[in-house]
Amino acid sequence: MGFPFDKAEWVDGMEAIFPGAGSSMPGTWTVIAIVICIGALLIGQKSETAKYKKHK
Amino acid sequence: MEDQLAELAAQVAAIEAKGNMTNTMFAEAYYYITIPLMIIIHAGFLAYEMGASRAKNALSSGVKNILAFAFVTPAFYFFGWWVYWAFPTGFPLSAGPNGISGAEYAASIALGWGESSAYMGPNLADQIDGVFWGAFTLFAATTASIMSGAVIERIQTVGFVILAIILGGFSWTLAAAWGWHADGWMVINWGVHDFGAAGLVHAVAAFFTLGVLINLGPRIGKFNADGSANDIPGHNLPFTATGLMLIIVGFWGFLMACLVVGGEAWSWGANFANIYGTPTNLGALTFNILMSIAGGIIGAWIMTRDPFWMMSGALAGIISCASGLDIYFPAMSLTIAFGAGVLLKPAANVIEKMGIDDAVGAVTVHGTIGIYGMLVLGIVASGYPAALGEGAPVTSFTGQLVGAVVFIAIGLITGYVSSLILKMAGMLRVPEAAEIAGLDTVKVPAQAYPEGIAVSPPASN
């Protein structure tokens with residue numbers, strides 16, 4: 001993680017500037033974010049189902 | 001031939017002049033637009049804290065919030081702007097390496113009297129200072145609004161306004177001078193990076209508020225004799241949740257104003273720069289703001305299922321990523337913000353267990369999460385040059401930690417000391433009888449709900 005260029009200096013012509021640009025890091029973060037979203041839906045569904053059971 | 005070359009050169013110069021003027025006018029309009037957008041933040045805080053108050057205090061909470069805006073604005077004109085330009089190198093008030101700081105420089109551009117006044121009023125040769133001052137003034141007013149919600153239902157109006165002036169005119173401005181200004185000692189020596197002001201606006205305001213809350217004490221009925229806490233629900237949660245959404249709308253203006261427009265001084269050539277002069281753009285902000293809002297809401301939903309905390313989670317999501325919105329990767333923002341949303345309610349519970357009555361969770365949302373955001377940047381985005389030029393300091397966890405500690409200290413010390421003085425002067429807390437009766441009845445010549453909060457009459461037909 002960190003500055004994605006060899007030399008710690010801002011110069012003209014730079015493109016992607018996020019941490020890990022040009023490496024596998026962005027993909028890793030994207031997978032983590034997808035897992036969070038799906039995990040949240042699963043937990044939410046479990047909780048919601050439990051609430052409905054109480055009100056049958 | 002020479003005549004033709006001279007004519008061509010004149011035409012090129014004319015085109016260049018027009019281009020520069022167009023750019024300057026764009027910059028002027030850009031900052032001008034951030035101001036009404038940031039006023040939406042205040043509309044949001046107004047709704048938020050009126051809804052979070054019990055019905056007997058709804059209007060007095062609103063009066064307090066409106067007055068904060070009214071008094072912080074002139075305070076920032078009278079001395080706040082001067083503080084920002086005078087203090088970057090620290091208390092000696094000397095000039096910094098970029099030559100745009102120190103007492104002498106500040107006195108030449110940021111005071112409403114003498115030669116300096118030329119820059120503090122309408123000036124056809126100066127199209128930036130007015131709108132730039134306006135954007136900073138709204139940052140200042142935002143700090144006061146952050147405090148405003150936490151202290152509802154028991155603080156005196158004038159005492160609160162004095163605190164708002166100190167916070168908006170001095171405390172956060174000092175932090176901005178040190179951690180935001182291109183000559184700021186924390187930027188130059190420690191590589192502190194706080195693009196969207198997670199620390200220097202949010203955490204400073206929150207820890208100032210904590211200092212005030214210590215002296216102010218909890219609302220009557222908040223805590224039991226055994227130290228356990230009671231919930232004091234506001235009278236209108238939908239109003240509060242809508243206010244929080246308005247704050248988020250206004251945040252786009254707040255963060256927009258944290259950029260330097262391309263082509264202007266301190267920009268990255270023809271492109272946008274952050275306030276440190278290093279490159280970024282509106283695309284970076286758009287990706288990261290939206291993903292951080294989403295992450296914060298999801299985290300808070302998982303923990304609470306409560307719309308108040310979910311909307312607070314949205315705010316916490318942005319604040320948690322604010323330091324690095326200019327450089328983060330979007331999925332990284334969602335992940336960081338999710339962490340903030342999860343952290344939110346447990347952190348608020350810790351504050352409550354300490355006997356602090358923060359009526360809207362401001363210390364947690366803005367303070368705990370602001371510091372979390374600053375420190376996370378030191379982990380996930382270390383090694384970034386914090387300023388321009390070869391050998392510029394780089395971001396690091398140590399630098400972010402130093403920044404966080406300084407911001408906490410500025411807020412907590414100034415908030416605690418100023419509120420202690422007001423307490424000793426009898427200007428901090430309302431009398432017990434007034435608090436029990438309700439502050440609207442005691443001092444507001446209007447009723448929030450003269451017909452009560454009734455079910456609507458039947459529709460025709």
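The values are calculated or read from the model by the stated rules, or taken from the named source; none is laboratory data. Bear in mind the structure is a predicted one, so any value in this text is a computation, not a measurement. All Cβ positions, glycine included, derive from the backbone under ideal geometry; neighbour counts span all protein chains shown.
Some observations on this one:
- Residue within the range B:324-332 that is under 13 Å from B:Tyr372 (Cα atoms), within 14 Å of another protein chain (Cβ to nearest Cβ) and in a helix (DSSP H, G or I) present: no
- When residues of the range A:7-47 are limited to those that are among the polar types (S, T, N, Q) and assigned to a helix (DSSP H, G or I), the one nearest to B:Ile336 (Cα to Cα): A:Thr30
- Being of a type in the set (Ser, Thr, Tyr), touching a residue at least 60 places away in the same chain (Cβ under 8 Å) and on the phi < 0 side of the Ramachandran plot holds for only one residue in B:Ser117, B:Ser108, B:Ser101, B:Ser94, and it is B:Ser101.
- Residue within the range B:362-370 that is assigned to a helix (DSSP H, G or I), of a type in the set (S, T, N, Q) and closer than 21 Å to B:Gly196 by Cβ present: yes
- Any chance B:Asn224 is of a type outside the set (D, E, K, R), without any contact (Cβ under 8 Å) to a residue 40 or more places away in the chain and touching a strand residue (DSSP E or B) at 6+ places or on another chain (Cβ under 8 Å): no
Yes/no matrix, rows are residues, columns are (1) closer than 28 Å to B:Gly438 by Cβ; (2) among the small types (Gly, Ala, Ser); (3) within 20 Å of the chain's Cα centre (by Cα):
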| residue | (1), (2), (3) |
| --- | --- |
| B:Arg219 | yes, no, no |
| B:Gly227 | yes, yes, no |
| B:Asn236 | yes, no, no |
| B:Trp268 | no, no, no |
| B:Thr278 | no, no, no |
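- Selection status of B:Leu174, in contact with a helix residue (DSSP H, G or I) (Cβ under 7 Å, 6 or more places away or on another chain), under 30 Å from B:Ala433 (Cα atoms) and modelled with pLDDT of 95 or more: no
- Residue match in the range B:303-313 (condition: assigned to a loop (DSSP other than H, G, I, E, B), out of contact with any Ser or Thr (no Cβ under 7 Å at 6 or more places or on another chain), more than 10 Å from chain A (Cβ to nearest Cβ) and under 28 Å from A:Lys46 (Cα atoms)): yes
- Among the residues examined, A:Pro4 does not qualify as surrounded by 10 or more Cβ atoms within 10 Å (Cβ to Cβ) and either at positive phi or assigned to a helix (DSSP H, G or I) (or both).
- Filtering the range B:245-293 to residues that are over 24 Å from B:Ala140 (Cα atoms), of a type in the set (Phe, Trp, Tyr) and modelled with pLDDT of 90 or more leaves only B:Phe287.
- Some residue of the range B:370-384 being more than 14 Å from every other protein chain (Cβ to nearest Cβ), out of contact with any Pro (no Cβ under 8 Å at 6 or more places or on another chain) and either closer than 28 Å to B:Val63 by Cβ or of a type in the set (D, E, K, R) (or both): yes
- Matching residues in the range B:230-266 - criterion: being in contact with a strand residue (DSSP E or B) (Cβ under 8 Å, 6 or more places away or on another chain) and either buried (at least 19 other Cβ atoms within 10 Å of the Cβ) or more than 19 Å from B:Gln127 (Cα to Cα) (or both): B:Asn230, B:Cys258, B:Leu259, B:Val260
- Restricting attention to the range B:175-209, the residues being buried (at least 24 other Cβ atoms within 10 Å of the Cβ) and in a helix (DSSP H, G or I) number 19.
- For the criterion of being over 11 Å from the mean Cα position of the chain (by Cα) and at negative phi, B:Gly159 passes.
- Within the range B:83-97, one or more residues are assigned to a helix (DSSP H, G or I) and closer than 22 Å to B:His366 by Cβ.
- Only one entry of B:Gly339, B:Gly283, B:Gly269, B:Gly324 meets the criterion of being more than 26 Å from B:Gln127 (Cα to Cα), free of Cβ contacts under 8 Å to residues at least 60 places away in the same chain and either small (Gly, Ala, Ser) or surrounded by fewer than 20 Cβ atoms within 10 Å (Cβ to Cβ) (or both), and that entry is B:Gly339.
- Residues of the range A:26-56 classified as surrounded by fewer than 11 Cβ atoms within 10 Å (Cβ to Cβ) and either within 7 Å of chain B (Cβ to nearest Cβ) or of a type in the set (Lys, Arg) (or both), total: 5
- The listed residue being more than 20 Å from the chain's Cα centre (by Cα), without any contact (Cβ under 8 Å) to a residue 24 or more places away in the chain, on the phi < 0 side of the Ramachandran plot and in a helix (DSSP H, G or I), out of B:Ala433, B:Ala454, B:Ala459: B:Ala433
- Pairs linking a residue in the range A:1-24 that is closer than 21 Å to B:Pro393 by Cβ and facing chain B (nearest Cβ under 7 Å) to a residue that is acidic (Asp, Glu) and surrounded by 13 or more Cβ atoms within 10 Å (Cβ to Cβ), with Cβ atoms under 9 Å and 6 or more positions apart or on different chains, are A:Ile17/B:Asp326.
- Members of the range B:385-406 found to be within 13 Å of another protein chain (Cβ to nearest Cβ), within 24 Å of the chain's Cα centre (by Cα) and either surrounded by fewer than 19 Cβ atoms within 10 Å (Cβ to Cβ) or modelled with pLDDT under 95 (or both), listed by number: B:Ala386, B:Ala387, B:Phe397
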